[in-house]
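Only one structure is covered here, and it is reproduced in the block below.
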Amino acid sequence: MFASLPFPGQSGDKIISKVVTTAIAALFKQTGKLSANVRAEPVAKLVQGSIDGFDFISNGMLMYNGLRIEAMELYLEAVSIDFGAIFRSMVKLRQPTQATMRVVLTEEDLTTSFNTPFVVQKLQRLKYQGQSLHFEKTQMRLNPDKSLGISTQIRVGDDSEPRQVDLTAFLEVRERRKLQFVDAVYDGDIELGKALIHHVNNLLDLDKFAFQGSQLRIDRVRQRNQQIIFYGTARIEQFPSKG
């Protein structure tokens, strides 16, 4: 059945797996190992665009905004795709689909993310005593007691000397989409630290960071071995494209 396809010697599931892998890789500036494996039984159903599901596994993913993800796994349920679009190296969903996901971030990933222009610009929208803030040398720590530590230097307005802010807090998920730092303990400039946590908690809404056409929800967060692991689901209405 697939002998006449423009990919000699390749079965339909391998063709689609290859196109999906390439399309996902294009969403990131850099990736490590990345693979998407299509599941279909019988394989002939692919011609109608019917897929039992596919598994996506990757590591070392660097997004174009500078954020880095140590590892990501997506396990999609039954999918209906436009099979003809595959030959244009495109992935088009005929209807929304659901996936379970596992995302791993390291302590280094968190530190790098908080120092990217993408995040720094969002942090600098905070006004403190009517003045703008400038963040420098932010560091994140994953502590043995499952708390997270934040250490940063903040220049307030035109001040020449930065103020040191150090704090520890626990990460909590609310409404399955909001990440919140709770039970914070402060050191350094306490009032500035409180303002920072309030601002960060308002920013950490998954709906603000998801790819267009997708919705992310978190069911559980686990912290171990200098890594933080998120378990949840993704509803995908359209396959994302770069930009």
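In terms of modelled amide H atoms, which long-range or inter-chain residues lie less than 5 Å from the amide H of F239?
So F239 has HN proximity to L93.
Each residue of region 219-230 in turn: what ³J(HN,Hα) in whole Hz from Karplus with 6.51, -1.76, 1.60 and θ = phi - 60°, glycine and Pro shown as x?
Computed from phi, the couplings for region 219-230 are 9, 7, 10, 10, 10, 6, 6, 6, 10, 10, 10, 10 Hz.
Straight distance only, please: which lysines reach the Cα of K146 with their own Cα at less than 16 Å, same-chain residues fewer than 8 apart left out?
Within reach: none.
Amide H to amide H under 5 Å from A71: which residues, 5+ apart in sequence or cross-chain, H placed 1.01 Å off N in plane?
Placed amide hydrogens put G60, V104 under 5 Å from A71.
Counting only GluC sites (Glu not before Pro) that are in a DSSP loop and have at most 15 other C-beta atoms within 10 Å, tell me the longest site-free stretch of the chain.
Within the chain, the longest run free of exposed GluC sites (Glu not before Pro) spans 78-174.
Show which aspartates and glutamates lie in cross-link reach of K122 when reach means a straight Cα distance below 17 angstrom and same-chain residues fewer than eight apart are skipped.
E136, D205, D207
Can you check what the Kirkwood hydrodynamic radius comes to for region 110-205, Cα pairs only, in Å to one decimal?
After inverting the pairwise mean of 1/r, the radius is 13.6 Å.
With +1 assigned to the C-beta of every Lys and Arg and -1 to the C-beta of every Asp and Glu, and no other charges, what is the dipole magnitude of the chain about the Cα centre in debye, to the nearest 20?
In total the dipole reaches around 740 debye.
Give the cross-link partners of K29 among the lysines, using a straight C-alpha distance below 18 Å as the criterion and excluding same-chain residues fewer than 8 apart.
Answer for K29, where 18 Å is the Cα cut-off: K242, listed by chain and number.
What 222 nm value per residue comes from the helices of the chain, counting each DSSP H run with n ≥ 4 as -39,500 (n - 2.57) and dividing by all residues, nearest 500 deg cm²/dmol?
Taking each H run of at least 4 residues, the total per residue is -5500 deg cm²/dmol.
Once the Cα gyration tensor of the chain is diagonalised, what are the square roots of 5 times its eigenvalues, in whole Å and ordered largest first, as equivalent ellipsoid semi-axes?
The answer is 42, 17, 15 Å, longest axis first.
Read-outs: derived from the displayed coordinates by stated rules, not from any lab. Computed from a predicted model, the values in this text were never measured in an experiment. All Cβ positions, glycine included, derive from the backbone under ideal geometry; neighbour counts span all protein chains shown.
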